[in-house]
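S.K.: Please find one structure pasted underneath; my questions will follow.
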Amino acid sequence: MSQRKSILVLLLAVAMIVGFPACKSKPIEETPPPVEREAPPPPPPPPTEVEDKDPEPIKIEEYTPPTIQELNAAGHLRTVYFDFDKYDLTETTRATIRQNADWLRANPGHSIVIEGHCDERGTIEYNLALGEKRANATREFLNSLGAGDTNIRIVTFGEERPADPASNEAAWAKNRRAEFKFE
Amino acid sequence: MQRHQPTRSTIALLALALFMAPAAAQDEDPDIGGVIRGGGEAIKVGLPVPTVAGHQATVDEIVQTVRDDLSFSGWFQVVDPSLYRLVQSPDSKGEPFEAWESIGVEDAFVRFDIKVADNRIDLTARLYDVKSKSLIRAWRYGGSVDLRRRVAHTVSDQIVLNYTGRKGVAMTRIAFVSKHGENKEVYLMDYDGARVRRLTTSGTINLSPAWSPDGSELAWVSWHKRQPGVFLMNTEGELLNLPTVGGELSSAPDWSPDGTKLAYTSDVDGNSEIYLLDRTTGKNSRLTRHGGIDTAPAISPNGREIAFTSDRTGRPHIYLMGVDGLDVRRISWDGTYNESPAWSPDGSKLAYVSRLEGVFQIMVMDMETKKTTRLTYGLGNNENPRWSPDGRHLVFASNRGNGRYAIYTMRADGSQTRQLTTGRDAYTPDWSR
């Protein structure tokens, strides 16, 4: 406080000493304020050596979401398989569905269809219902695990869309399945 | 989306309805033939082909079609036509009845008088009784040359009616689906496999066409809205409204005998169950309540019961219930897989398929005694049995020949199997009433 006061007093004293004689010696004249003049531009800097190079574009990371085809080709969601004439989920099938659920939780916002399929060793009409059961059982387990906000529908194809058209045990095992497809 | 296109044949059918009313169905003599001979012995008939200059191929086809119809019916035995040359033409003394009898035509022969002019057929068929040496009946029909087979079938049905008191099945049709790559489309054909024509051009899967009892409509299963649904079309392939409950699966349509109700399967309540649509009110009612699969409903001819397939014991078996869904009881006890029930028109029998040694065979259950009879044998599958309207035959799909599926018919005792389709694989036949 006292310091700031003493500085003020000092400044006042200086102003009095400097200002007084001017006020006294010269009569007050109305003079226009001096016109402000622009300072002359500074001389250009000496040229420096610059490489003649095209400007480089700034890299922008553009995000294009993968197409449905790319998603389906990427194999994010794995097909599950069923026993002959069965629609209950085996341990292997459950493990695969768990992995699929993990992926869907980590990658929200997708719509998928679970397709239920059968091998050819049933009647056409019964296989439609069997395929529906397989797809439904798969969806129920997936939902019980939690699949984020994934939109899930099911469709049965019965025996109409075999993965392998051959008529042998190996082909039949591949055909008794529930496929996960993005849409 | 699906485009249903009218087919030439359905237009032809309409034309048939207009032109094939009997031009003049006169009874030239009292009817003395309306009796079936005892013992199931076939009626021995002769059907000579008249000579008609310039149109012999048409006339040959008409007479041969009537011969085939009568043989197929099982009521008749057509005596070898190569013997007919031993019988002289009728002269002033009338028909040579003794000559007919001498070549084995013991019961009756049919004289055809066929005129073809301006692309039209004018046909008179006269039925003669050999024993009484008399003309029994005569029929006259007209139609365009395109409809020659329908004209022939009409005559056949009248001959069968004359002897059995019940109209024959020669005018009936069979609906089925045929493979197009990974898709299937609905087709129609005459009961004898002739005049195959396509009904849908949807470019998707179509299955299980089911005739309405009056033959004017077909309910069927299609993926044209990306999931299996039951839809309705007329015989020109035009989509009609059908207020089912929908669901992610609906399938297996079957009509009540009076056409007022349609039973089908839907998973709208979370599981495949059987529903009944009342077509007069548009109301649907759920009939089954079980966590297992319930499908393939078949309404009995008296309209009071429904046979269906359920895996409620862990394996598919045939069950019965009332049309109200009550009084469910299992009726198939043999084997591990029984499916696809179909009532005979009189309700006395139920045809179904049973998996035996790894392949499907067609069985018939007597509904009174519950005794079962096996109708098919061999290495191939025999599936989807459906009855002819007179209950004397069954149509089914089989891959017995080189593994390709085709439509076959057989007599109700499993004999006289006849292949109707060739080429594209064919499935899920249904015989019109």
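The values are calculated or read from the model by the stated rules, or taken from the named source; none is laboratory data. Predicted, not measured: the structure shown is a model, and the values here were computed from it. Don't worry about glycine lacking a Cβ; one is built from the backbone with ideal geometry, like all the others, and counts go over all protein chains shown. Ligands, DNA and RNA are excluded from the accessible area calculation, which covers all protein heavy atoms including side chains. Shrake-Rupley method; radii C 1.70, N 1.55, O 1.52, S 1.80 Å.
S.K.: Across peptide A:129-137, what mean number of C-beta atoms from other chains lies inside 10 Å of a residue's C-beta?
M.R.: 6
S.K.: Which parts of the range B:51-70 would a label at B:S89 reach, counting a residue when its backbone N lies under 12 Å from a point 7 Å out along Cα-to-Cβ?
M.R.: Under 12 Å, as judged by backbone N against the label point of B:S89, lie B:51-53 of the range B:51-70.
S.K.: For chain B, please report how many Lys pairs fall under 14 Å Cα to Cα, leaving out neighbours fewer than 8 apart on the same chain.
M.R.: Summing the qualifying lysine pairs gives 5.
S.K.: Using only protein heavy atoms and a 1.4 angstrom probe, determine the accessible area buried between B and A, summed over both sides, in Å² to the nearest 100.
M.R.: 2600
S.K.: Can I ask one more? So if R0 is 25 Å, what FRET efficiency would A:D164 and B:R226 give, r being the distance between their Cβ atoms, rounded to the nearest 0.05?
M.R.: Between A:D164 and B:R226 the formula returns 0.60.
S.K.: How far is the Cα center of the range B:395-427 from the Cα center of the range B:115-151, in Å?
M.R.: Going from one Cα centre to the other spans 32 Å.
S.K.: Also: Rg (Å, one decimal) plus Dmax (Å, integer) for the alpha carbons of the range A:68-182?
M.R.: 13.5, 40
S.K.: Ok, one more. For labels at A:E62 and B:D122 in the simple 7 Å Cα→Cβ model, what's the distance in nm?
M.R.: 8.0
S.K.: Equivalent ellipsoid semi-axes for the range B:173-431, as square roots of 5 times the alpha carbon gyration tensor eigenvalues: give them largest first, rounded to whole Å.
M.R.: With the √(5λ) rule applied to the range B:173-431, the semi-axes are 24, 23, 17 Å.
S.K.: Could you tell me which trypsin sites (Lys or Arg not before Pro) in the range B:61-130 are loop residues by DSSP with no more than 16 other beta carbons within 10 angstrom of their beta carbon?
M.R.: In loop regions of the range B:61-130 (DSSP not H, G, I, E or B), the sparsely surrounded trypsin sites (Lys or Arg not before Pro) are B:K93.
S.K.: May I ask you to rank B:T313, B:T422 by accessible area, largest first, using a 1.4 Å probe over the protein chains only?
M.R.: Ranked list, largest accessible area first: B:T422, B:T313.
S.K.: Per residue, how much accessible surface does the protein assembly as shown expose to a 1.4 Å probe? Answer in Å², no decimals.
M.R.: Each residue of the protein assembly as shown exposes 49 Å² on average to a 1.4 Å probe.
S.K.: Could you look at the protein assembly as shown and say what percent of its accessible area is carbon and sulfur, using a 1.4 Å probe and all protein chains?
M.R.: 53
S.K.: Testing the spin-label approximation: label points 7 Å from Cα along Cα→Cβ at A:D88 and B:R424. State their distance in nm.
M.R.: 4.2
S.K.: Could you work out the helix-only [θ] at 222 nm for the protein assembly as shown, with each DSSP H run of four or more residues adding -39,500 (n - 2.57) and the total divided by the number of residues, to the nearest 500 deg cm²/dmol?
M.R.: Mean residue ellipticity at 222 nm (helix-derived): -7000 deg cm²/dmol.
S.K.: What distance in nm lies between label points placed 7 Å from Cα along the C-beta direction at B:S285 and B:Q416?
M.R.: Placing both labels 7 Å beyond Cα along the Cβ direction yields 4.1 nm.
S.K.: Further question on the same structure: What is the calculated FRET efficiency for B:K115 to B:D214, with r their C-beta to C-beta distance and R₀ = 41 Å, to the nearest 0.05?
M.R.: Given R0 = 41 Å and the Cβ-Cβ separation, E is 0.80.
S.K.: Which three semi-axes in whole Å describe the equivalent ellipsoid of the range B:31-164, each the square root of 5 times a Cα gyration tensor eigenvalue, listed largest first?
M.R.: 23, 17, 13
S.K.: What is chain B's relative contact order, in percent, from Cα pairs under 8 angstrom and six or more apart in sequence?
M.R.: Normalised by residue count, the contact order of chain B is 11 percent.
S.K.: Looking only at other chains, what is the average number of their beta-carbon atoms within 10 angstrom of each beta-carbon in B:225-231?
M.R.: 3
S.K.: Can you give the average number of partner chain beta-carbon atoms within 10 Å of each beta-carbon in peptide A:117-124, as a whole number?
M.R.: 6
S.K.: Which of B:Q56, B:T288, B:M410 sits farthest toward the positive end of the charge dipole of chain B, with +1 on the Cβ of Lys and Arg and -1 on the Cβ of Asp and Glu?
M.R.: Value computed over the given set: B:T288.
S.K.: Further question: Got the relative contact order for the range B:162-231 handy, in percent, Cα pairs under 8 Å and 6 or more residues apart?
M.R.: After rounding, I find 22 percent.
S.K.: Here is a further query. Give the relative contact order (percent, whole number) for the range B:31-164; include only Cα pairs under 8 Å separated by 6+ residues.
M.R.: Rounded, it is 29 percent for the range B:31-164.
S.K.: With a cut-off of at most 12 other beta carbons within 10 Å, and DSSP calling the residue loop, which chymotrypsin sites (Phe, Trp or Tyr not before Pro) in the range A:78-182 qualify? Please list them.
M.R.: Loop-located and lightly packed - A:F84.
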